[in-house]
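Structure, as C-alpha cells:
Read the figures in this text as sums done on the coordinates, not as results from a lab. The model shown is predicted, which means the values in this text are computed figures rather than measured ones. Ideal geometry is used to build each Cβ from the backbone, glycine not excepted, and the neighbour counts take in all protein chains shown.
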Amino acid sequence: MTELSPAALRGAVDLSSLRNRPSASAGSTPPQTGGSGIADVVVDATDESFGQVLEASRTVPVVVDLWAAWSAPSTELSPVLERIVRELDGRVLLARVDVDANPQLVQSFRAQAIPMVVAVIAGQPVPMFNGPVPEEQMRQVFAQLLQLAAQNGVTGTLDVVPAAENGEGPSEPPLPPLHAEAFAAIEAGDYAAAVVAYEKALAENPRDEDALAGLGQVRLLDRVQGLDLQQARAAAAAAPLDVQAQFDVADLDLAGGHVDDAFDRLLDLFAALPTDARGPVRERLVELFGLIGAGDPRVAAARNRLTSLLF
C-alpha cells in the first residue's frame, strides 16, 4: 500500500486562499480544540468555514470527505469514514464537504472524481484515497495518518462536549414519517422500498422538494446497484444506439462523479436517435438535471445543448 506523504500533493493543492476566511453563518462554528470542547468529531465544512478546519489541523489530523448526495460511492464511503473517526475518540476530525455547495473547495483540492478523501496535517494536504476502499485497508490508511501526524507534532485530542452540556440540543427536527421510512430503507440497502416511500410522500405533497430530490437520488442508487462498469461500457460500445445500454453507463458515470461524461453521453445519444425515439432520453436528462441541481454550471451547459438539439 502507498505510504501517505504530504509531498504527493505539493504544488497540486493550494489551501492558502481558504485560511482566515470569515464564517458565513452561525452554522459554521469553528471546531475548537481547547478546554471549551466541540460538539462532535464530525463537522460539515464549507468554503467559508474551512479556514477554521485548517486551524484545527494543527491540533489533530483532519480527514476531508468531499462527497455528493448523487454519488453512490459517497453513500458507501462516508458512513465508514464516520464510524472509524468516532472510534478514534477525538484523535481525528472528519470534515464533510458537500461538493455541490462548495465549489471553491472542489477547485482547491483539484477534485476530479467524487468521493475524494484528503487529510490535512498542520495545514498541509495529504492524499488518502478516491472512491470506496475495503474497510480493513481504510483502517490501515488511518493508522498511517496518525503516524504521519505524530511525526509532524500533531498529537492532540479533541475535547468533545455532549450536546446537553453545550446547550445546542437536537441539531435537526425529526424527519416526516415517509421520509424516515425512506431513509431506513436506504440504510438497509432496500432502494426499491425507499422509492415507494418517496413516491408516497410526493403523492401527499407534490411540492415536497426534499422528497423529490431524495427520489431522484435513490432511483439512481437502485439503477446502478449490481451493474458492472466494465461490462456496461462494453455493451454500450457495442451498441451505440441501445438506449438502456447508454443509460447504464451514464448512471454509473454520474454515480462516480463524472457528471459531464454522463450528460455528454446522453446528449450524443439524443442527437443520434430518430426524433420519435428521443423521448425517454430527454426524460432521463431532465431527471438527472434535477438530481445535480439547476444552479450547477454543468447542468446549464447540458440544458443549453439539449435545447439546441430540440430546435
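Close amide H partners of V64, meaning residues 5 or more places away or on another chain with modelled amide H under 5 Å apart, are A95, V118, A119, V120. Which FRET efficiency, nearest 0.05, do K200 and A122 yield, Cβ-Cβ r, R0 51 Å? Efficiency, rounded to the nearest 0.05: 0.55.
Starting from the Cα gyration tensor of region 224-311, take the square roots of the eigenvalues, sort them a ≥ b ≥ c, and report rounded, prolate or oblate (rounded when a/c is under 1.5, otherwise prolate if a/b is larger than b/c, else oblate). Here region 224-311 falls in the oblate category.
When the square roots of the Cα gyration tensor eigenvalues are ordered a ≥ b ≥ c, the ratio a/c for region 75-128 is 1.5 or more and a/b does not exceed b/c, which makes its shape oblate.
Each residue of region 109-119 is assigned a 3J(HN,Hα), and the resulting list reads 8, 6, 5, 9, 8, 10, x, 10, 10, 10, 9 Hz, derived from the Karplus form 6.51 cos²θ - 1.76 cosθ + 1.60 (θ = phi - 60°), x at Gly and Pro. Taking amide H atoms as placed 1.01 Å from N in the peptide plane, the amide H of F129 lies under 5 Å from those of V117, each 5 or more residues away in sequence or on another chain. Projecting label points 7 angstrom from Cα along Cα→Cβ for E87 and D296 puts them 3.2 nm apart.
What GluC sites (Glu not before Pro) in region 34-135 are in a loop by DSSP, with at most 12 other Cβ atoms within 10 Å of the Cβ? Please list the in-between numbers first.
Working: sites: E48, E55, E76, E82, E87, E135; in loops: E48.
Hits after loop and neighbour filter: nothing returned.
If you sort the three axes of the alpha carbon gyration tensor as a ≥ b ≥ c, you get a/c of 1.5 or more for region 102-256 and a/b no higher than b/c, which makes it oblate.
The string of couplings for region 275-284 from the Karplus curve (6.51, -1.76, 1.60, θ = phi - 60°) is 3, 6, 10, 7, x, x, 5, 4, 4, 5 Hz, one whole number per residue in order, with x for Gly and Pro.
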